[in-house]
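A.B. asks: Here's a structure for you.
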Amino acid sequence: MKKKFKPFKLLAVLMAFLLIAQVPAAYASTLSDLKEENKMIQEKKDALKGSINEKSTEIKTIENKQDKLLTQIQTLDNEIKSTNQKMEQVASDINKTNNDISTLQKDIEALQFKIDQRNELLAERARAIQAGGSVDYLDVLLGANSFVDFIDRFSAVNTLMDADRQIMRDQKEDQKELEEQKLELEKKKTSLEEDKKKLEKLSATLDSQKKEKNSLIDELEAEQEKLASEKTVLEDEYYATLELSEDLKKQIQQEQERIAEIARQQEANKPSGGSNGGTPVISDGTWTRPAQGRFTSGYGYRNIGSGTRMHYGIDIANSVGTPVVAVADGVVSVAKPLSTFGNAIMITHSVNGKIVTSVYAHLNGFYVKPGDTVSKGQVIAPMGNTGRSTGPHLHLEIHEGPWKGNGVNAVNPLRYISL
């Protein structure tokens, strides 16, 4: 006798079959969602990458603008140098004029004293004549007792008359010279005042040129920092998205493996698919360029392969051994290897009561030691390629105040030195 399926047993079998049939569909739905999410993330990545490329293009444009600004800064450096030379020349003229005035005043005093003395002599002579009556030189001659006496009297009269005439001539010439010297003195004083005004104008021009230079540097740094900062934000977001995308790829791969396993169980006989898998010219003023060579990198944000990073100094490239000099008078505080700086020297400067520290990195050796006093332009080391360096060059930093670590109180060295 055949057995009959009970209704509840038939219902259970149907439900089990439906559940088994729906498993691949559920996993397929999950896979579809993951693929859709991955697609959205990839689109976001592509958009971010496009933004990064666009920002890189903008940065390139800004770099061209920066090159122009650097050219303007170099031109201003030359104008500042020219103004300094003019100021030194005017100051030298003022010093010479002051010396000339001092000499003239002494000459005038000496000449005035001589004239006063002669006036006193002439006054005494006049008083003597007035007291004794006027002298008639003819009576003196006619009163001679003999020819020899006449000759003596004649000689004496001539001597007296010559002396009187010479005194009057000397007095007249000295008075004329006195007036000329007084006139020359006034001219010198006028010239001195003009030179002082000229010096004031040159000083104002110098201040204006320095202000314009600092303004250009501010503009340079602001533009560079703004774009580099925006690009850094985009890069951070891009790489975060990239990590997320890789994670999703792993999830998709795992999900595909699970679906394949279910398919193998349902179709035991169906084969599963595999997967295919050089010594610089010393500048005028307090500061000077630290080394001869090519200016290769400025202060500010720059691309260094692993992303955009802040560069806290300037780089000057040349061959190993090129002399590196102190940028200003100071005292050596550090002279030793310093991590990525390689061989490094730090010099502490005091300028008008303000402490400034200069840092020289990647040196090939040392010519000075801590505690040494150095002068502006003194050779302190040879240029090298030590530490984290991509080639022989000098990395120079300027810190306003004592050195407290990389990036702390660092300023653009171009605010102090000329290229």
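A.B. asks: When ranked by the protection proxy of mean other Cβ atoms within 10 Å per residue, highest first, what sequence do the peptides 334-340, 295-301 form? Could the numbers behind the result be given before it?
C.D. replies: On the way: 334-340: 14.9, 295-301: 18.4.
Going by the mean number of other Cβ atoms within 10 Å, highest first, we get 295-301, 334-340.
A.B. asks: List residues of the stretch 80-108, by number, whose backbone nitrogen lies under 16 Å from a label position 7 Å along Cα→C-beta of Asn214.
C.D. replies: Residues passing the 16 Å test: 80.
A.B. asks: Ok, one more. Please state the charge dipole magnitude for the stretch 310-419, taken about the Cα centre, from unit charges on C-beta atoms (+1 on K and R, -1 on D and E), reported in debye and rounded to the nearest 20. Display every interim value, and only then the final one.
C.D. replies: Values: 7 positive and 5 negative charges, 23 e Å.
That gives a dipole near 120 debye.
A.B. asks: Here's a follow-up. Using a basic spin-label model with each label point 7 Å from the Cα along Cα→Cβ, how many nm lie between Asp116 and Glu184?
C.D. replies: 2.1 nm
A.B. asks: Asn343's amide H: which non-local residues (gap 5+, or another chain) put their own amide H closer than 5 Å, with H modeled 1.01 Å from N in plane and none for Pro or chain starts?
C.D. replies: For Asn343, the qualifying residues are Leu338, His362, Leu363, Thr386, Gly387.
A.B. asks: Once both labels are modelled 7 Å past Cα along the beta-carbon direction, what's the Glu63-Asn406 spacing in nm?
C.D. replies: Between Glu63 and Asn406, the label points sit 2.2 nm apart.
A.B. asks: How far is it, in nm, from the label point at Asn95 to the one at Met40 when both lie 7 Å from their Cα along the line to the Cβ?
C.D. replies: 7.8 nm
A.B. asks: Suppose R0 equals 51 Å; then what is the FRET efficiency for Ser191 and Glu54 from their Cβ-Cβ distance, rounded to the nearest 0.05? Walk me through the numbers on the way to the answer.
C.D. replies: On the way: r = 63 Å, r/R0 = 1.23.
Computed FRET efficiency for Ser191 and Glu54: 0.25.
No lab work stands behind these numbers, since they all come straight from the coordinates. From a predicted model like this one, the values you see are computed outputs, not experimental measurements. Neighbour counts are summed over all protein chains in view; Cβ atoms, including those assigned to glycine, are modelled from backbone coordinates with ideal geometry.
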